[in-house]
Amino acid sequence: MNKWLLLIHQIAQDSPNLRVKIWRNLKKHGAVLFKNAVYTLPYTNEHEEIMQWICNQIKDGGSDASLFITESLSKEQDAEIVKAFRDVCDKGYLELIDSCNILLKKIGQIEGTNGITDKSKDTLNKELNELIGSTEDIARIDFFHASQKENVFNKIYLMQQKLNGWSKATEKGITTINKVYKVKDFLNKKWVTRKDIFIDRLASAWLIKRFIDPKAKFVFSSKVKKSKNEIPFDMYGSEFTHHGEDCTFETLIKAFDLKDSALQSIAEIVHDIDLKDNKYSRKEADGITQIVTGLSQKLRDDSKLLEKGLEIFDALYAYYSSNNERS
């Protein structure tokens, strides 16, 4: 069972400013109101420090608060608490999806009227960066991979790619989406991707490690240093990310011209899970989603999750390779 931090407080009615201050701090750190006046967070040392700090704020303000560490009594209770966290994040993601749709419509209108200018690009990039910031704020406290998370990121990728395409078209007259890279140019590198990896980044890291850069080292961060030795993937504006209808895993396969029927089978599964469009109708998608979701909840560490993920995709590759040989 999971361990949880429970914060119970009684803030005096004549302290509205303190009430608002505490509510904002709890919300900022991802705490969820669960059952009346009980706020909860998944137990970690960092979260315990945060909750203790909030407790002290309440007490310093003349009110009362208590902090508890506890375990769920059942899987059903765990699931109920996890659902509360996911529901809060999904609500925020859905609001951002609406904002993304509005911005996508605006981009389409400018494209349709041939009104691409430096001013329009700057304006749209500013709006997109604001959406990216808001999305990352929610993703930072999305402890249990809410269902709408990837939908938001996919829309952001699409807009980023469109705006990048405008820049490339303006500056060079061509794009580099279909460029084929040589493996020998990408050996012994640091590969950088966002924190809280899930199916596309996990599968892409496996593909990089097994077929592109055997000695690859992986960094999980929102920032990339401008260095030839650091290669971003599945990140805003990077070459190795979503292109058109392709997820990052598919982009990497095409970018390095990896012709392998077993990889194609895995790519179809990753695509269906990541983009949720059921393009390939792979029956394995639900099972793989459950496995990766369970591991991410249990481990909550990108390096450890990647270590297990390598084993999962090694097994999938072995299965599809042997099946393809027999067929």
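For region 84-100, the count of residues that are in the same structural domain as residue 160 (by TED's automatic domain parsing) and more than 30 Å from residue 129 (Cβ to Cβ) is nonzero.
Restricting attention to region 303-327 and to residues that are under 22 Å from residue 46 (Cα atoms) and touching a Leu at 6+ places or on another chain (Cβ under 9 Å), the residue that is surrounded by the fewest Cβ atoms within 10 Å (Cβ to Cβ) turns out to be 304.
Of all residues in region 273-291, exactly one satisfies the criterion of being acidic (Asp, Glu) and closer than 14 Å to residue 201 by Cα, namely 274.
When the criteria are applied in full, residue 277 meets the requirement of being at pLDDT below 95 and either in the same structural domain as residue 163 (by TED's automatic domain parsing) or out of contact with any Ser or Thr (no Cβ under 9 Å at 6 or more places or on another chain) (or both). Among the residues of region 221-239, the ones that are farther than 14 Å from residue 189 by Cα and part of a strand (DSSP E or B) come to 0 in all. Using the structure shown, decide if residue 40 is out of contact with any helix residue (DSSP H, G or I) (no Cβ under 8 Å at 6 or more places or on another chain), closer than 16 Å to residue 144 by Cβ, β-branched (Val, Ile, Thr) and not assigned by TED's automatic domain parsing to the domain that holds residue 163. So residue 40 fails the test. Taken over region 299-327, the residue count meeting the criterion of being more than 16 Å from the chain's Cα centre (by Cα) and at pLDDT below 85 is 5. Annotation note: of 146, 84, the sole residue that is at pLDDT 80 or above, out of contact with any Cys (no Cβ under 9 Å at 6 or more places or on another chain) and either basic (Lys, Arg) or farther than 17 Å from residue 238 by Cβ (or both) is 84. Cβ separations smaller than 8 Å between residues 6+ apart or across chains give the following pairs from region 242-254 residues that are more than 15 Å from residue 162 (Cβ to Cβ) to residues that are part of a strand (DSSP E or B) and acidic (Asp, Glu): 254/246. Considered as a group, the residues in region 109-156 that are of a type in the set (Ser, Thr, Tyr) and surrounded by fewer than 20 Cβ atoms within 10 Å (Cβ to Cβ) include one that is nearest to residue 275 (Cα to Cα), and that residue is 147. Among the numbered conditions (1) part of a helix (DSSP H, G or I); (2) in contact (Cβ under 8 Å) with a residue 60 or more places away in the chain, the only one that residue 17 does not meet is (2). The residues in region 1-41 that are touching an Asp or Glu at 6+ places or on another chain (Cβ under 6 Å) and among the basic types (Lys, Arg) can be counted, and the count is 1.
Yes/no per residue for (1) modelled with pLDDT of 95 or more; (2) in contact with a Phe, Trp or Tyr (Cβ under 8 Å, 6 or more places away or on another chain):
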{"residue": "232", "(1), (2)": "no, yes"}
{"residue": "236", "(1), (2)": "no, yes"}
{"residue": "241", "(1), (2)": "no, yes"}
{"residue": "259", "(1), (2)": "no, no"}
{"residue": "264", "(1), (2)": "yes, no"}
{"residue": "268", "(1), (2)": "yes, yes"}
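I'd like the full set of residues that are in a helix (DSSP H, G or I) and among the polar types (S, T, N, Q), limited to region 22-78. Within region 22-78, 25, 45, 52, 56, 57, 77 meet the criteria.
The values are calculated or read from the model by the stated rules, or taken from the named source; none is laboratory data. Model, not experiment: these values are computed from the prediction. Heads up, the Cβs are rebuilt from the backbone with ideal geometry, glycines too, and the neighbour counts pull from every protein chain shown.
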